[in-house]
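Participant: Got a structure for you, questions after.
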């Protein structure tokens, strides 16, 4: 299902909608969403559902309004049937389940947008998928920087040394422009991280350089600031060279909107999703 055109993904999810007659209530069955969301095993999907239920409760929303255990009969060999566990899910429940998936998988990224939006216009889904991609890239960069900091601390580099290594890496990636020079170019205050204003491509580039540095620090067992700084600079130069071969200079890309503001906006939208979410019907109203 990966790399399918968005209209085909939308059509597939649309076809899985169930409706309660005369009540205007939409819902989905978990068993029918399992495969489209990229889960081969029910047990793994059930784990995501359980996490989503816990997430729902933590926001003060009653999980029973959006997740309902049901039993379905499925056919087995020679015309027999056996009961299996399933769930009826509201749009909000499906959204929370998608939030527990891997957003690097196209079906999950699409589902996060599809179920978040009350309208499923393709251009809105595409916009939200781009926004989610930036969030995810920023999270991965945080993780790789945290790992790098821990790795080099164990090899004799303190916090100030880590800051110098990171700054030298930035200068290599941005064609000689330091972290502060890039902040000045973008109009970013000194206290804020440069990465919060970078486009997704540049965030991903910084993360790739970090990951290579982390790998080589461990593989070669590099020790001390000079050796690790040299490694990190070379990795950023290599990533820059790759981008330049495609006609891209990171320092020339425009800044993006402050990711903190975007996160606040998305959280506000998510609260509205919960408030506006249609609840499941009474137990005897869900028959197809």
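Participant: Of the residues 279, 275, which single one is assigned to a loop (DSSP other than H, G, I, E, B), in the same structural domain as residue 25 (by TED's automatic domain parsing) and surrounded by fewer than 17 Cβ atoms within 10 Å (Cβ to Cβ)? Explain how you work it out, then say what you get.
Facilitator: On the way: 275 fails: assigned to a loop (DSSP other than H, G, I, E, B).
Result of the check over 279, 275: 279.
Participant: Additional query: Here are some residues: 222, 218, 198, 194. Which one is at negative phi and surrounded by fewer than 18 Cβ atoms within 10 Å (Cβ to Cβ)?
Facilitator: The conditions single out 218.
Participant: While we're here: Just to be sure I understand, how many residues within region 43-66 are more than 13 Å from residue 30 (Cα to Cα) and either not assigned by TED's automatic domain parsing to the domain that holds residue 100 or not in a helix (DSSP H, G or I) (or both)?
Facilitator: 4
Participant: Kindly indicate whether residue 213 is closer than 19 Å to residue 147 by Cβ, surrounded by 19 or more Cβ atoms within 10 Å (Cβ to Cβ) and in contact with a helix residue (DSSP H, G or I) (Cβ under 7 Å, 6 or more places away or on another chain).
Facilitator: yes
Participant: Does at least one position in region 238-251 carry a residue that is in contact with a helix residue (DSSP H, G or I) (Cβ under 8 Å, 6 or more places away or on another chain), surrounded by fewer than 16 Cβ atoms within 10 Å (Cβ to Cβ), at pLDDT 95 or above and more than 30 Å from residue 127 (Cα to Cα)?
Facilitator: For region 238-251, residues in contact with a helix residue (DSSP H, G or I) (Cβ under 8 Å, 6 or more places away or on another chain), surrounded by fewer than 16 Cβ atoms within 10 Å (Cβ to Cβ), at pLDDT 95 or above and more than 30 Å from residue 127 (Cα to Cα): present.
Participant: Further question: When residues of region 1-38 are filtered for being touching a residue at least 40 places away in the same chain (Cβ under 8 Å) and outside any helix (DSSP H, G or I), how many remain?
Facilitator: Total satisfying the criteria: 16.
Participant: Assuming residue 6 fulfils every condition listed in (1) modelled with pLDDT of 85 or more; (2) in contact with a helix residue (DSSP H, G or I) (Cβ under 8 Å, 6 or more places away or on another chain) apart from one, which condition is it?
Facilitator: Going through the list (1) modelled with pLDDT of 85 or more; (2) in contact with a helix residue (DSSP H, G or I) (Cβ under 8 Å, 6 or more places away or on another chain), residue 6 breaks only (1).
This table checks each residue for (1) crowded, with 17+ Cβ neighbours inside 10 Å; (2) under 21 Å from the mean Cα position of the chain (by Cα).
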| residue | (1), (2) |
| --- | --- |
| 5 | no, yes |
| 26 | no, no |
| 29 | yes, no |
| 35 | no, yes |
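Participant: So which residues in region 172-186 are surrounded by fewer than 18 Cβ atoms within 10 Å (Cβ to Cβ) and assigned to a helix (DSSP H, G or I), if there are any at all?
Facilitator: The answer is 180, 181, 184, 185, 186.
Participant: Shifting gears a bit: From (1) at pLDDT 90 or above; (2) in the same structural domain as residue 223 (by TED's automatic domain parsing); (3) buried (at least 16 other Cβ atoms within 10 Å of the Cβ); (4) in a helix (DSSP H, G or I), pick out the condition that doesn't hold for residue 157.
Facilitator: (4)
The values are calculated or read from the model by the stated rules, or taken from the named source; none is laboratory data. The structure displayed is predicted, hence computed values, not measured ones. Cβ coordinates were reconstructed from backbone atoms using ideal geometry, including for glycine residues, and neighbour counts include every protein chain displayed.
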